[in-house]
Amino acid sequence: MPIYTYSCPNAHRHERVRPMSACDEPSICPACNENARPVPSLIAQTSLRWGDNTGRFGVNGFYDRGLGATYHNTVERDQIMKQKGLVPLDEIGGDAELDRRIEKQKTDAKKADAYTATFTIAEAGGASPFKAHELATAASDNI
């Protein structure tokens, strides 16, 4: 739940944790027991994009093991990725595309395993390599 700031007519301020649905309801000031109204909050400002202030206040950025580099904001990360020939995930369809590719790799691996097993069994059973290939191809197509 978010934290809301309230101010009473006597200029006392206090904070309360409340559900978003109750943010406009008055609160009782703990200092003077008057009704306090919510105070509008300021919007956070960042220099570039959200989370891009890592180079300030003694923070030395993020180390990304996949990139093998440290970066301080998303623009710098994107530049490093471009230099290394990498493409950001959102440019290839996001998580859904990644999930689709992973499922395809799993299916391809199952087909390869079925082909190898069927080929080995058929060849051990005395089938010619051509017949073993035909049987193995049919088995992998059924997956």
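Table for the structure above
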{"item": "Of the criteria (1) surrounded by 12 or more Cβ atoms within 10 Å (Cβ to Cβ); (2) closer than 28 Å to residue 17 by Cβ; (3) at pLDDT 75 or above, which one residue 33 fails", "result": "(1)"}
{"item": "Some residue of the range 54-65 being out of contact with any Cys (no Cβ under 8 Å at 6 or more places or on another chain), within 23 Å of residue 10 (Cβ to Cβ), surrounded by fewer than 10 Cβ atoms within 10 Å (Cβ to Cβ) and modelled with pLDDT of 60 or more", "result": "no"}
{"item": "All positions within the range 78-108 that are surrounded by 11 or more Cβ atoms within 10 Å (Cβ to Cβ) and among the small types (Gly, Ala, Ser)", "result": "93, 94"}
{"item": "Residues (among the hydroxyl-bearing types (Ser, Thr, Tyr) and at pLDDT below 90) located in the range 71-112", "result": "71, 74"}
{"item": "Test result for residue 127, surrounded by 10 or more Cβ atoms within 10 Å (Cβ to Cβ), at pLDDT 90 or above and not assigned by TED's automatic domain parsing to the domain that holds residue 26", "result": "yes"}
{"item": "Close pairs (6 angstrom Cβ cut-off, 6 or more residues apart or separate chains): in a loop (DSSP other than H, G, I, E, B) in the range 56-68, modelled with pLDDT under 75 and surrounded by 10 or more Cβ atoms within 10 Å (Cβ to Cβ) anywhere", "result": "61/54"}
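The values are calculated or read from the model by the stated rules, or taken from the named source; none is laboratory data. Source: prediction; values computed, not measured. Virtual Cβ from ideal backbone geometry, glycine too; neighbours counted across all protein chains shown.
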